[in-house]
Amino acid sequence: MTLNEALRLAMNKVLDLVEIAPNATPAVCRIVDYGKFMYEEAKKNKDSQGRQSASKMKELQLSPMIDPHDFSIKLGHAIDFLCEDMKVRVKLRFRGRQKAHTEFGFAVVNRFVKEAAAWGQADSPPKMLGDRDLNVVLSPLPRNKRAKHPHRTETTESSEPPEPTEPPPPPPSGS
């Protein structure tokens, strides 16, 4: 169909002629309502951006002399983030004389990566940035290869409360 015929057909239908693929030979056009077309394109772009949640990054900060309980809390937060398809940057900062013994920091970060391995993997081995910071980035594993979220309980099929095993005691009789 020629351009003039397509324009005439669009005018008769009170619609717009929209060029879809300008680089194709011959160029591909559609007769559509332009406002509706733009709305649908914006909706497609918004949907495709919503699926890119793996690009979100969270950061956790550790210290070389971290308490075991603090370590487990930080690990739990990292697992939560990885289960939500977010990347996690683990940052360990050395202060003062700690800079002379970076092996303690490497041990802490390597242990963190090892314990989070069921939910995410390190993009690269831990690296020093300057003389003060030790960084590693954990990326979430695909959902089918990832361990189940340890903090979420599975919903049961019945939402009824469990039945008591013993009958309640009789009310006290007062005379």
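Residues of the range 51-78 that are in contact with a Ser or Thr (Cβ under 9 Å, 6 or more places away or on another chain) and at pLDDT below 90: Ala54 alone. Annotation: Arg146 fulfils all but one of (1) of a type in the set (Lys, Arg); (2) surrounded by fewer than 11 Cβ atoms within 10 Å (Cβ to Cβ); (3) modelled with pLDDT under 85; the unmet one is (2). Just to check your reading of the model, which residue among Glu59, Glu19, Glu40 is surrounded by fewer than 16 Cβ atoms within 10 Å (Cβ to Cβ), assigned to a helix (DSSP H, G or I) and without any contact (Cβ under 8 Å) to a residue 60 or more places away in the chain? Testing whether each residue is surrounded by fewer than 16 Cβ atoms within 10 Å (Cβ to Cβ), assigned to a helix (DSSP H, G or I) and without any contact (Cβ under 8 Å) to a residue 60 or more places away in the chain leaves just Glu40.
Annotation: of all residues in the range 83-110 being in a loop (DSSP other than H, G, I, E, B) and surrounded by 16 or more Cβ atoms within 10 Å (Cβ to Cβ), the one that is farthest from the chain's Cα centre (by Cα) is Phe94. Which residue out of Glu41, Glu59 is within 30 Å of Arg93 (Cα to Cα) and within 27 Å of the chain's Cα centre (by Cα)? Step by step, each of Glu41, Glu59 is checked, and only Glu59 is within 30 Å of Arg93 (Cα to Cα) and within 27 Å of the chain's Cα centre (by Cα). Checked across the range 111-125, the condition of being in contact with a Cys (Cβ under 7 Å, 6 or more places away or on another chain) and either touching a residue at least 12 places away in the same chain (Cβ under 8 Å) or part of a helix (DSSP H, G or I) (or both) holds for at least one residue. Being farther than 30 Å from Ala116 by Cβ, under 22 Å from the mean Cα position of the chain (by Cα) and either surrounded by 16 or more Cβ atoms within 10 Å (Cβ to Cβ) or not hydrophobic (A, V, I, L, M, F, W, C) (or both) holds for only one residue in Asp47, Asp80, and it is Asp47. Does Ser139 satisfy the condition of being hydroxyl-bearing (Ser, Thr, Tyr), more than 39 Å from the chain's Cα centre (by Cα) and at pLDDT 65 or above? No. Looking only at residues in the range 62-77 that are farther than 19 Å from Ala122 by Cβ and assigned to a loop (DSSP other than H, G, I, E, B), the one that is nearest to the chain's Cα centre (by Cα) is Ser63.
The values are calculated or read from the model by the stated rules, or taken from the named source; none is laboratory data. Given the structure is predicted, the values throughout are model-derived calculations rather than measurements. Counting neighbours? That spans all protein chains shown, and the Cβs are built from the backbone with ideal geometry, glycine included.
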